[in-house]
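Below is one structure, written out as structure tokens; comments come after it.
Derivation of every value follows stated rules applied to the coordinates shown; laboratory data play no part. What you are looking at is a predicted structure, and each value in this text was computed from that prediction instead of being measured. Ideal geometry is used to build each Cβ from the backbone, glycine not excepted, and the neighbour counts take in all protein chains shown.
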Amino acid sequence: MQKNRRQIRKIIQEPKSIDHRTNIQRRNIDRAPVRTTNNQAIAANVSKTMHLRNAAQPSLGKIDYSVVNRLYPGETIYIIGGGPSLKEFDFNLLRGRRTIAINKAVIYAWHADILYWTDSRFYTWFKNEVDNYQGLKFTLKAGSQYTKDINILKKGKPYGIEEDPGTLAHGFNSGYAAINLAYHLGAYKIILLGFDMCNDGTETHFHDGYPTIAAGNQIYTDKFLPGFKQLHSELKAKNVDVLNASSYSRLNVFPKITIEQALSFR
């Protein structure tokens, strides 16, 4: 008896057409919009259809860097930080003295000669205050929203002193860079106010701080404080004295004085 065998049916297919386009040409094919399933968009009755786009910030173009002129040769310059040691301090006592206000300190020392910041977010947070401030303004980072009176300096080496008047050693914090700025301005004596350089978990500033988490103690220990030793050494070699008027500051490389002693200088 002959066994049943499967019949094999041949399926003849037309050969597929060959796509001769390059990869670049294929990328330029119009694609359907991307559909999302965002529940918040649905709840807000917003269309779920969106087109992908490049969300990168526009280029700032060519940056016009500034230089620092020796405006105060041989003078004492006070640098106002933000540490809690300045809580209840009367900033009017600094009127008539050469002063650099760092970041938000300018709101309390509106009479300061100079405002300095490193973090460009400061301008975003306090744009109105910065724009209304009448003194000189210096920073290290360019911003697309900056007004023309903001002087942008070049970011130099992390530690020590930069001699180029258009460059600041940054030390990874605004206070460090402000000392280099005071040097460029011609200071022979620099008084540090509110340079507490610590975060004990209670108060971090003499004011109410910023819309971000304050730097922790580890950052001060590992990143901010180590470079001041080199800064002190180089300034001392140039006969520039730096005095720290925060009695409980962890910045110990500069001699410490009281607020009363600090105000005795002219």
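Arranged by the count of other C-beta atoms within 10 angstrom, fewest first, what order do Leu140, Leu185, Leu193, Leu263 take?
Details: Leu140 20, Leu185 23, Leu193 29, Leu263 16.
Result, fewest neighbours first: Leu263, Leu140, Leu185, Leu193.
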Report summary line: HN-Hα couplings for region 78-90 via Karplus (6.51, -1.76, 1.60; θ = phi - 60°), in whole Hz with x for Gly/Pro, come out as 9, 10, 9, x, x, x, x, 5, 9, 4, 6, 5, 8
Query raised in the report: From the square roots a ≥ b ≥ c of the eigenvalues of the alpha-carbon gyration tensor of region 76-262, which class results: rounded (a/c under 1.5), prolate (a/b over b/c), or oblate?
Result: rounded
Report summary line: Pairs over 31 Å Cα to Cα, from Lys62/Lys189; Lys141/Lys236; Lys155/Lys256; Lys127/Lys236, come to Lys62/Lys189; Lys127/Lys236
Query raised in the report: How large is ³J(HN,Hα), in whole Hz, for each residue of region 242-255 in order, when computed from phi with the Karplus curve 6.51 cos²θ - 1.76 cosθ + 1.60 and θ = phi - 60°, using x for Gly and Pro?
Result: 10, 10, 9, 9, 10, 5, 9, 5, 8, 8, 9, 6, 9, x
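Would you mind working out the magnitude of the charge dipole of region 76-262 relative to its Cα centre, with +1 at each Lys and Arg C-beta and -1 at each Asp and Glu C-beta, to the nearest 20 Debye? Mind dumping the intermediate values first?
Values: 20 positive and 18 negative charges, 82 e Å.
Dipole of region 76-262, to the nearest 20 debye: 400 debye.
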Report task. Go through region 150-155 residue by residue and turn each phi into a ³J(HN,Hα) via Karplus (6.51, -1.76, 1.60, θ = phi - 60°); whole Hz please, and just put x for glycine and proline. Result -> 8, 8, 9, 9, 7, 7
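I'd like the FRET efficiency for Lys141 and Leu93, computed as 1/(1 + (r/R0)^6) with the beta carbon distance as r and R0 of 41 Å, rounded to 0.05.
On the way: r = 32 Å, r/R0 = 0.77.
The computed FRET efficiency comes out at 0.85.
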